[in-house]
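Beneath this line is the structure, given in structure tokens, with notes to follow.
The values are calculated or read from the model by the stated rules, or taken from the named source; none is laboratory data. On a predicted model such as this, the values are computed, not experimentally measured, just so you know. Methodologically, a virtual Cβ is constructed for each residue, glycine included, from the backbone with ideal geometry; neighbour enumeration extends over all protein chains shown.
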């Protein structure tokens, strides 16, 4: 639905990742299912999930014969080692728990499977702001959980700043989970083309987001559109990750703010 680069980037990513026809692919954050429909037409066994029931309903109306389900990215109701590939197209940045969503994808992939991420990132994040983000996230992770304090217990991300991803931190977390980074590219034209088309069609980015987001939903939940307003030096990347054939034991890694050590 909101994906800089559009279907051309999707096709190129699938080709770059060498995903064979007939492979089982899950699109996480699928919106109303355009990518799932495209992949199905191209001979893949594709399914999509999104946390928005409105988008899933709209997708089922538009695409009658594809598999779309309402699920959260961090809690996917599929058996482990089910998929050959998982896609996250401009969706990781708006998931509630970013590291948990990547971990979930790791669990769902078969050994040798690929996770394909395209999303917004900060090209030159302020080192002091990144350090502050990591300290606050570490402190939040180490806080005791309090019954009934769900809002207070919400995890702060180790990989997000100003509505966009911090690549170095994301790469570190990904490798700690067991993924191998196979490919990375700054798709520099995607942001400019996306913004130009949105403004030409709707007058402004704000009006574009209002037009495409289902009524009653918060536009800030889609492709981290707050980053378009707040972030400087915003980029868009394509990353392909591989789950090793000899599977490692995946792990969530947290850091002690006092010592900066894994615990």
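Of note:
- If only residues of the range 17-34 that are within 18 Å of the chain's Cα centre (by Cα) and modelled with pLDDT of 95 or more are counted, the one that is nearest to residue 187 (Cα to Cα) is 17.
- For the range 74-190, the strands (runs of 3 or more DSSP E) that sit wholly inside it and include 1 or more residues that are at pLDDT below 90 are 109-122.
- Selection count, the range 62-77, where residues are farther than 15 Å from residue 29 by Cα and surrounded by fewer than 16 Cβ atoms within 10 Å (Cβ to Cβ): 3
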